[in-house]
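Novice: Take this structure first; my questions come after.
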Amino acid sequence: MTGKLLSIGECMVELMQAERDMLRKGYAGDTFNTAYYARLFLPADWTVDYFTAVGTDTVSDELLAFIESTGVGTAHIRKIEGRTPGLYMIHLKDGERSFSYWRSTSAAKLLADDPDRLRAAIEAANVVFFSGITLAILSPDAAETLLAELRRAKAGGRQVVFDPNIRPRLWDDAARMRATIEAGGRAATMVMPSFDDEATHFGDASVEATIERYRALGAENVAVKDGENGVTLCFAGKERVHVPASQVSAVVDTTSAGDSFNGSFLARLASGDSPADAAAFAARIAAAVIGHHGALIGREKLPRG
Ligand code: ADP
């Protein structure tokens, strides 16, 4: 079955310390990482598009060229004069990583400010993916514009997939954060939360509590990721299926474990795998991804089937 996947959010420029004062440039962001892994594992007759906003400067052009080079489409991406992409820097000190962000005026914060473009992109897709980070970077009004379009997509029979990816430092108010994440859950047909985030911010005592909470909000399918404890699936209200994590020989960098799981899981589901088979495949991919440095790992370094 052919189809179109659209992922909505922010892809940032990443500067990583290389040697002494040298910096290496890359690009990453949760929703883009998910699109990247979906593209790697979807059949060739599927398209994957990214929805965001960039500026008109050289860095924005380079970001678009990079996205295109991964096979992810950029036709829906808006260019805004005078804005630039968000930027973050990874510092390495004694093996520990820390992050600095420059994203408060990034172009992507305006991604929902052209509702016609947003609607056209969503209407062209069968599967729409967004995250709690997508919602966090938007103004309250813009988040509501996006959520209204997603609710419309869900009502129209599209698959709407939400990873809450709760990042308190992106929100100025914890109550608004929780309310907006819940609104994301209501707009979704499938929610893919990480248990430790949900336990911390919603007080869930168990994976089952997370499943029940998102089902009560109206998500038909829930896949709760729980790091090395694997993932628990609840599809269409049927019994829970636990899929263990795959063995990792050495954890090198956990960046993008959840994103690579999301993208490869969605790709296999779209290809017709059962949820349990798709999750077992995604667990193998996520385990391989955390065995390498960086968010976007080349296909040649990942398991085949
Ligand atoms: P997130 O990055 O969103 O917090 P998780 O940490 O729950 O997501 O990880 C997502 C998936 O990655 C897990 O369901 C599991 O398959 C895999 N994974 C994460 N950590 C490990 C680990 N230490 N060993 C093996 N697999 C892991």
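Novice: From the list Pro275, Pro244, which one is surrounded by fewer than 23 Cβ atoms within 10 Å (Cβ to Cβ) and touching a strand residue (DSSP E or B) at 6+ places or on another chain (Cβ under 7 Å)?
Specialist: Details: Pro244 fails: touching a strand residue (DSSP E or B) at 6+ places or on another chain (Cβ under 7 Å).
Every option except Pro275 fails the conditions.
Novice: Could you list, in sequence order, the residues of the range 256-274 that are within 13 Å of the ligand (Cβ to nearest atom), in contact with a helix residue (DSSP H, G or I) (Cβ under 7 Å, 6 or more places away or on another chain) and either part of a helix (DSSP H, G or I) or under 20 Å from Asn126 (Cβ atoms) (or both)? I'd like the intermediate steps shown before the answer.
Specialist: So the first thing to find is which residues in the range 256-274 are within 13 Å of the ligand (Cβ to nearest atom), and the list is 256-265.
The next check asks that each one be in contact with a helix residue (DSSP H, G or I) (Cβ under 7 Å, 6 or more places away or on another chain); those that pass are 256-257, 259-265.
Across the range 256-274, the qualifying residues are Ala257, Asp259, Ser260, Phe261, Asn262, Gly263, Ser264, Phe265.
Novice: Determine which member of the set Glu228, Glu239 is of a type in the set (Asp, Glu) and assigned to a helix (DSSP H, G or I). I'd like the intermediate steps shown before the answer.
Specialist: On the way: Glu239 fails: assigned to a helix (DSSP H, G or I).
The conditions single out Glu228.
Novice: Next question. So Asp253 passes all but one of these: (1) assigned to a helix (DSSP H, G or I); (2) charged (D, E, K, R); (3) within 15 Å of the ligand (Cβ to nearest atom). Which condition number does it fail?
Specialist: (1) is the only condition that Asp253 fails.
Novice: Please go through the range 214-229 and give me each residue that is within 14 Å of the ligand (Cβ to nearest atom) and surrounded by fewer than 18 Cβ atoms within 10 Å (Cβ to Cβ), ordered by number.
Specialist: Kept after step one, since they are within 14 Å of the ligand (Cβ to nearest atom), are these residues of the range 214-229: 222-229.
Answer for the range 214-229, where residues must be within 14 Å of the ligand (Cβ to nearest atom) and surrounded by fewer than 18 Cβ atoms within 10 Å (Cβ to Cβ): Gly227, Glu228, Asn229.
Novice: Would you pick out the residues in the range 179-196 that are more than 8 Å from the ligand (Cβ to nearest atom), touching a residue at least 24 places away in the same chain (Cβ under 8 Å) and part of a helix (DSSP H, G or I)?
Specialist: Listed by number, the residues that qualify are Thr180, Ile181, Glu182, Ala183, Gly184, Gly185, Arg186, Ala187.
Novice: Can you tell me which of Ala280, Ala286 is in contact (Cβ under 8 Å) with a residue 24 or more places away in the chain, within 11 Å of the ligand (Cβ to nearest atom), assigned to a helix (DSSP H, G or I) and under 19 Å from Phe129 (Cα atoms)?
Specialist: Ala286
Novice: Let me ask something additional. Among residues belonging to the range 289-300 that are outside any loop (DSSP other than H, G, I, E, B) and in contact with a helix residue (DSSP H, G or I) (Cβ under 7 Å, 6 or more places away or on another chain), point out the one that is farthest from the ligand (Cβ to nearest atom).
Specialist: Taking the range 289-300 first, the residues outside any loop (DSSP other than H, G, I, E, B) are 289, 299-300.
From what's left, in contact with a helix residue (DSSP H, G or I) (Cβ under 7 Å, 6 or more places away or on another chain): 289, 299.
Working: Val289: 8, Arg299: 18 Å.
In this case the residue turns out to be Arg299.
Novice: Filter the range 231-247 for residues that are over 14 Å from Ala280 (Cα atoms) and not acidic (Asp, Glu) and give the result. Can you show your working first?
Specialist: As a first pass, look at the range 231-247 and keep what is over 14 Å from Ala280 (Cα atoms): 234-240.
Once the filter is applied, which keeps residues that are over 14 Å from Ala280 (Cα atoms) and not acidic (Asp, Glu), the range 231-247 yields Cys234, Phe235, Ala236, Gly237, Lys238, Arg240.
Novice: Let me ask another. Taking Arg169 and the conditions (1) within 16 Å of the ligand (Cβ to nearest atom); (2) more than 16 Å from the chain's Cα centre (by Cα); (3) not in a helix (DSSP H, G or I), which numbered condition does it fall short on, given that it satisfies the others?
Specialist: With (1) within 16 Å of the ligand (Cβ to nearest atom); (2) more than 16 Å from the chain's Cα centre (by Cα); (3) not in a helix (DSSP H, G or I) applied to Arg169, the lone miss is (3).
Quick note: the coordinates plus some simple rules give every number you see, no bench work behind them. This structure is a prediction, so every number in the text was calculated from the model and none was measured. Counting neighbours? That spans all protein chains shown, and the Cβs are built from the backbone with ideal geometry, glycine included.
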